[in-house]
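The values are calculated or read from the model by the stated rules, or taken from the named source; none is laboratory data. Because the structure is predicted, anything quoted here is derived from the model rather than measured. Methodologically, a virtual Cβ is constructed for each residue, glycine included, from the backbone with ideal geometry; neighbour enumeration extends over all protein chains shown.
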Amino acid sequence: MARPTDDYLKLSVEETLKELESDGKEGLSQEESKRRLSQYGFNEIPEKEESTLHRIFRRFWGPIPWMIETAGLLSALVQKWADMVIILVLLFTNAFIDLWQESKALNALKVLKKKLAKNAMVLRDGAFRILDARELVPGDIIKIRIGEIVPADVKLIDGDYIQSDQSVLTGESLPVTKKVGEIAYSNSVVKQGEMVAVVVNTASNTFFGKTVSLVAKAEKEETSHFQKAVMAIGNYLIVLTVFLAMVIIVTALFRHENMMEIMRFTLILTVAAIPVALPAVLSVTMAVGAMNLAKKQAIVSRLVSIEELAGVDVLCSDKTGTLTQNKMTISDPLPFNDYTVQELMVFAALASREENADPIEIPIFEFIKEKGWLDELKAYRHMKFMPFDPVGKRTEGTVTRGEEKFRVTKGATQVILELCGEEAGQEDILKKVEELAEGGFRTLGVAVRRSEDTKYEFIGLLPLFDPPREDSADTIEQAKKLGLNVKMVTGDNLAIAKQIANVLKIGENLLDARDLKGASNKELVLLGEIITRALYTRLAPNETERDVEKLAKSVVKEIEKQLDNIELPKGYVKRHESEIIDLIENADGFAQVFPEDKYLIVDKLQKADHIVGMTGDGVNDAPALKKADAGIAVSGATDAARASADVVLLAPGLSVIVDAIKGARVTFERMKSYSIYRVSETIRIILFMTAAITLFNFYPVTAIMIIILAFLNDIPILAIAYDNTKVDDRPVRWNMEEVIGMATVLGVLGIIASFGLFYVAEEYMHLSTGTVQSFIFLKLAVAGHLTIFVTRTEKRFWQKPYPSAMLFWAALLTKIAATLFAVYGWLIEPIGWKYALLIWGYCLVWFVVNDFVKVMVYKMLGRDKEMAIA
């Protein structure tokens, strides 16, 4: 039985390693890790899955199933056994289809989650390697670094410290500093530092595993704007249908008709009109969209985020690794103070760790290997290493060579120069840094401290260049054609940012992030009060508090009047929030950006009614990724960034994001076309039926016909999730006026067409009641599915994109099935092939009319895209 995690706090590092039978220098062997894996199981907490039995039961419990079940019961009471059987078939078929589509969506999520699996740097057989975190076992030696989510409960055995954010576990708002001998808990986030640790517990034996209920709320998904809109449509249709059904019942009461029959008919009509397939269509469309995005190397962590991605109009893109290759290259190292290039590069390597595979440090080791200086590097021995953190902006190694012991550091040049002091010749060095920056180079400073009694001595500069990706310029141009405003966001200085922006043709208006820290009116008032309190001490004894209040108002007024002439506290710019929003909206990019600046940029753009996509890769990017409408963790992002993002990219580059946005817009179009179709069909069926019954005292279709129509309608509509659609050339947002307006027009046209056929069959052809009902049945079946091909595009039906084969054949085969029912009289009055072909011709004529009206309505709604009409 596993020892509780906190018990390991009482043991020393040596005792812990001994108990776990682990070698802190070599780690476990592959054979031993496999043996322990079979003993302890995978390092994952089994998700509580709903049982299959409960999922099946849910399909028969709820307002829609209750209506179908009641209709079946009433059919049995009036001994309409054929109707009852078909109703039950409809009930079970809907349940099966919904269950099948939900299973597909769940399976899709499982596949996506596997692709988002956390990794861990594990010491196996004496070498660190990247492994799937689920393969960790007690006794494994792992390295945990800034930005990573701790993959298991571990005891820290080597290193200086880490800062661990365990708020998700304990509710602590601030990160906790942990050192050798302490415990770091599974699912806590490393905010700073780097340490080596031994795994003490995995999976359900971890602190997280035992308190998983505390974080269950974090797994709940919010409903997207689009889902809310579609569900609102569903509710609208249900209310409309129930209201008209009550009209039918009241009319029947006044006519003293058989109430049992009327109740049965009305229930069946209600079932046919309300959106029975809505949940299934939603789930399968989102799942298919997510799987398609996965093929483009974009993993959607929340299915509902697809809609947000489709609406993104401002994309704030990282420079490094997204617009550039993230393959730093060292140009010509610049030694200072009589140091050589070899000494500069070796000292830079001593302030680095090769196994960390840091993009900035990789070229340092490559340069040394290329020059053949590895032997010189191996002559030194690391005693201690301080990893990079975003506050200190440097790394530091404590090394020895023989009797000599010293520290060497590398990092942002300004930070390194501060350590060295004035005597470092800062003016010349900073001038050189500016020259390099104008050429697109990022520089690192390197310094050495020979003893504790001396200051750091500046060794030299490492000019680094991250070249743009070959496809970045074309991708940015493509993104602009899609209506995206691409803004470059980088931590590099303004000169480097401008050079890259110029190469990629992003734009020339780049801002320093410090220009964005503005003072709002509220803050200005507070500032005035501070100044007033300072002046209060200088008031004459005979002056009153009223004089103070008057003085306060005058000070605030003066501040607002002379913003350009007053010195505000450090960090403020003399601008109001509206001016800051204008600055951000008009900027092409931002330089020297800190994580808090990313959050500010997203917040201000959202206040200007933009849907914002923000990319990020670090632990400190998490707030901005959460805040953004579409948070995008780029390739190689830390676990913390991936956990906060809506979309995780598996491949580098901006083109992946653009492909993902295109895919999201395709999914959005499918959902929109379904919504228009569903509303128009409800209006077409329920209004026509209600009008025919109340005005003409004629039931245009029988109960059994309604059941067959509902059965046939639900099957092909699911195929809309696989339809071919256009990629809109601008961000898409939910336009309820457009959807309801178009659906209403098509619905009314359908009612006119139905009454036209009813009038011809009754007045001119003098057909029997049963035959007229079969006419209307076939017309509703054929015209209903033809409506799908009207709503699926804003263009003429014969223009690209053409329907997918799956949608086309699903709709065609169900129309053929309905035709066979009518021709041969299966459960209804037969009409023969002659009349069937006549109805097909009638429906096709109205299909063309509907299509022409559709294009006209889109023009009236201001949606004319200047489409070329073939």
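When the range 589-608 is filtered for residues that are part of a loop (DSSP other than H, G, I, E, B) and buried (at least 18 other Cβ atoms within 10 Å of the Cβ), only Val593 remains. In this structure, does Met386 turn out to be among the aliphatic types (A, V, I, L, M) and at pLDDT 90 or above? For Met386, the condition - among the aliphatic types (A, V, I, L, M) and at pLDDT 90 or above - is not met. When each of Ile611, Ile685 is tested for being of a type outside the set (Ser, Thr, Tyr), surrounded by 23 or more Cβ atoms within 10 Å (Cβ to Cβ) and more than 26 Å from Ile149 (Cα to Cα), the lone residue that passes is Ile685. Six or more apart or on different chains, Cβ atoms under 6 Å: show the pairs whose first residue is in the range 762-786 and in the same structural domain as Ile751 (by TED's automatic domain parsing) and whose second is surrounded by fewer than 24 Cβ atoms within 10 Å (Cβ to Cβ) and among the basic types (Lys, Arg). Close Cβ pairs (under 6 Å, with a partner that is surrounded by fewer than 24 Cβ atoms within 10 Å (Cβ to Cβ) and among the basic types (Lys, Arg)) amount to Val782/Lys815; His785/Lys815. For the range 614-643, filtered to residues that are within 29 Å of Ser578 (Cα to Cα) and surrounded by fewer than 24 Cβ atoms within 10 Å (Cβ to Cβ), the residue that is modelled with the lowest pLDDT is Asn620. Counting only residues that are at pLDDT 90 or above and basic (Lys, Arg), the range 19-61 holds 3 of them. The listed residues are Thr690, Thr667, Thr682, Thr694, and the only one of them that is under 18 Å from the mean Cα position of the chain (by Cα), in a helix (DSSP H, G or I) and under 30 Å from Gly747 (Cα atoms) turns out to be Thr667.
Say whether the condition of being within 21 Å of Leu718 (Cα to Cα), touching an Asp or Glu at 6+ places or on another chain (Cβ under 9 Å) and surrounded by 15 or more Cβ atoms within 10 Å (Cβ to Cβ) is met by at least one residue in the range 747-760. Scanning the range 747-760 turns up at least one residue that is within 21 Å of Leu718 (Cα to Cα), touching an Asp or Glu at 6+ places or on another chain (Cβ under 9 Å) and surrounded by 15 or more Cβ atoms within 10 Å (Cβ to Cβ).
Conditions tested, residue by residue: (1) assigned by TED's automatic domain parsing to the domain that holds Gly491; (2) over 30 Å from Asp659 (Cα atoms).
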site: Val304; (1), (2): no, no
site: Leu315; (1), (2): yes, no
site: Phe336; (1), (2): no, yes
site: Ser352; (1), (2): no, yes
site: Ile364; (1), (2): no, yes
site: Lys371; (1), (2): no, yes
site: Ala379; (1), (2): no, yes
site: Met386; (1), (2): no, yes
site: Thr395; (1), (2): no, yes
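Looking at this structure, is Arg684 in contact with a Lys or Arg (Cβ under 9 Å, 6 or more places away or on another chain) and of a type outside the set (A, V, I, L, M)? Criteria not met by Arg684.
Say whether the condition of being closer than 26 Å to His610 by Cα and surrounded by fewer than 22 Cβ atoms within 10 Å (Cβ to Cβ) is met by at least one residue in the range 689-699.
Looking through the range 689-699, none of the residues is closer than 26 Å to His610 by Cα and surrounded by fewer than 22 Cβ atoms within 10 Å (Cβ to Cβ).
Scanning the range 697-713 for residues that are in a helix (DSSP H, G or I), of a type outside the set (Val, Ile, Thr) and either farther than 10 Å from Phe777 by Cβ or not assigned by TED's automatic domain parsing to the domain that holds Glu763 (or both) gives Ala703, Ala710, Phe711, Leu712, Asn713. Residue selection: Ala310 fails the criterion of being under 30 Å from Gly616 (Cα atoms), over 31 Å from the mean Cα position of the chain (by Cα) and not in a loop (DSSP other than H, G, I, E, B). For the range 676-697, residues that are farther than 11 Å from Ser754 by Cβ and small (Gly, Ala, Ser) total 1.
Checking the range 143-157 against the condition returns a match, with at least one residue being acidic (Asp, Glu), within 30 Å of the chain's Cα centre (by Cα), surrounded by 21 or more Cβ atoms within 10 Å (Cβ to Cβ) and modelled with pLDDT of 75 or more.
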